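Worksheet: the structure to be examined is printed underneath.
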Amino acid sequence: MTDKLNLKFEEENKNIDSVDRYKFEPIKGYPMLSWKGKRPFTGTQYYPAQLKESYGNETDGWINKIFWGDNLQVMSHLLKEFRGKIDLIYIDPPFDSKADYKKNIELKGKEITNDRTSFEEKQYTDIWNNDEYLQFMHERLILLRELLSIDGTLFLHCDYRKNHHLKCILDEIFGQDFFRNEIIWTYSGGAIPPKDFPRKHDTILRYTKSNTNWTFNVEYKPYNELTAKRMKSIHKGVMVDVERGTPITDWWTDIKVPTGPMNKEKVGYPTQKPKALLERIIKASSNPGDIVFDCFMGSGTTQAVAMKLGRKFIGADINLGAIETTVKRLIGVANEIEPKNKKSEKYGLFEKEMTPVAEDKASYGENDKIEKFYTGFSVYNVNNYDVFRNPVEAKEILKQALEIQPLPNNTIYDGEKDGRMVKIMPVNRIATKADLNELISNFNYKSFEKKENENPGKAVEHLLLVCMGHEPDLGASLQKEVPYKLDIEVVDILRDKSNLEFKRDSEAEIVIEKGRLKIKQFYPMNLLQKMSLMKENVDDWRELVESVKIDFNYDGGVFEPTMLDIPEKNELVKGEYPVPVDAGTVRVKITDLLSESLEITIEEK
């Protein structure tokens, strides 16, 4: 096929930089969307992943995977093993909605003597420069196509803001002949604008890797009672499957958005999508045992539904709150369905006296027909993506800590310090040469030319690059791409400012007495600070805690908890747990309401 996107695994650079590099060739002969600074995504390198936690067991050699990190690096990591092996991809990427999405943080029990028992915590920002957004999506869609199997399908969920742009990019990457559907998902509720028609639908674009063969299972919408009677009367004596109903079209009006504080489906995560939406997509374009991937995971709806429908899955998100929410949700789903998995060991995560957190008890309709469920899953960091607990706050923290002066309305730099223009590089991973592209594309070259003419041989810009670790020769790489002299200083926070305090560590008092592990006190200092609370204001530390997990035989590497205390929304953790007689080194993980965790190891006595 002449329009097939080719990806080649290159070995020639391995002796130079000890990384694996992948090369891409764009599709030829299709219209292309252009934007300022559009850069061809010609290659990516392999990024390592660190296994952090594991829940449950493998099934037939497979364990599901959740990744915390930049999804570009996550997918670059996955290419080595999963190129051409993902059967279904669903993504709900940023919409460029020009909004900050927040989660309401509310104390459990509300017995703390302070007026501020709740507040809103920013989870992520969906505010983009148009060109940056298009480049961001372009690069990720290229990798997604490479991961997709030859008979696989991609669903991209968007709305009126960017669906026209994203369709152009998808046509460029997949080829317009591989476009299958523009699905309209309609819903009700929300504000009504005074001078516009109310916007009451999202768009889901569907593409396949092949234009001759792809997985598709026809789904049906049952007739209502009146229509069923009429159909039976009209087709009396004719072979018509009245009970099955009518095939689902590309106009979805029957799936409601989970709303209201009493809705059992809501998990408190912004932009959560309904399970019924993902159920329809997963059933239509995959079969039991297939691999489902979502790299904008959010609350983990894709993963939860995939698990319940007997699919394997991989998920990724850059937000720690998304990881913690998904892990909690998957534990509940696994605990609910595990007895149906006759061919694997009992999940056995919860102590019998505890109440598991699970999805609603309603089955997804065809679970009884599924022979095998994949309930075990592991959690990874990619490229040591765990320096900051909240990526949204990281830049502001750095600006304050380094005393960087803000530059209002400047779209290139993050501020100024000591006569240097400051650019803060990615804050949750090491900076790479590819991260310099934003600067290179947006430099004011006319200004550079003017400065060069006025002062020949002098630097036209004095720069300070702030990094959390970086590839070698980062400054030299930037200079190489710019035809004017630059004065570049690189500050590595991990190395040069190692004593800089970004967050206050949590504190806890944990003891083992008479065969019981007891958490006597827990002080999540960052959460207390946000709530304007002092230690002495906390009568019951459990009001600040989302979950407690314990690994009674910690191997010093991977956290594999066998005791999980994850209570319902307004219930409290127990705080005291029996210690097995065969316990060794004990590792305790306490996660607070901000999804920030404290891990403590208690050595065997």
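Among the listed pairs 38/80; 98/162; 209/283; 395/423; 395/569, those whose Cα-Cα separation exceeds 22 Å are 38/80; 395/569. Work through the residues other than residue 460 whose Cβ is under 10 Å from its Cβ and net out their charges, Lys, Arg +1 and Asp, Glu -1. Counting the neighbours of residue 460, the net charge comes to -1. Computed from the alpha carbon positions, the gyration tensor of region 507-602 leads to an equivalent ellipsoid with semi-axes of 24, 13, 12 Å, biggest first. The charge dipole of region 507-602, taken about the Cα centre with unit charges on the Cβ atoms of Lys, Arg (+1) and Asp, Glu (-1), comes to about 120 debye, rounded to the nearest 20. Each Cα pair under 8 Å and six or more residues apart adds its sequence gap; the mean of these over the residue count of region 507-602 is a relative contact order of 29 percent.
In terms of surrounding Cβ atoms within a 10 Å radius of their Cβ, 187, 554 rank from fewest to most as 187, 554. Protection proxy ranking for 510-517, 409-416, using the average of other Cβ atoms within 10 Å per residue and placing the highest first: 409-416, 510-517. Each peptide in 34-42, 324-332, 457-465 gets a packing score, the mean of other Cβ atoms within 10 Å over its residues, and the list from highest to lowest is 324-332, 457-465, 34-42. In this label model, residue 176 and residue 507 are separated by 6.6 nm, measuring between points 7 Å along each Cα→Cβ vector. Taking the simple approach of a point 7 Å from Cα along Cα-to-Cβ for both residue 195 and residue 454, what is their distance in nm? Going by the 7 Å Cα→Cβ label model, 4.2 nm.
Per-residue extension of 0.36 nm, minus the Cα-Cα distance of residue 150 and residue 35, leaves a gain of 38.4 nm for this segment. Seen from residue 188, the other residues with C-beta closer than 9 Å to its C-beta sum to a net charge of +2, counting Lys and Arg as +1 and Asp and Glu as -1.
Considering region 391-496 at the alpha-carbon level, its Rg and Dmax are found to be 13.7, 41 Å. Highest average first, the peptides 215-221, 296-302 ordered by how many other beta carbon atoms sit within 10 Å of their residues are 296-302, 215-221.
Values quoted throughout were computed directly from the atomic coordinates according to the rules given, and no laboratory measurement underlies them. Everything numeric in this text was worked out from a predicted model, so none of it was measured. FYI the Cβ positions are ideal-geometry reconstructions off the backbone, even for glycines, and counts take in every protein chain you see.
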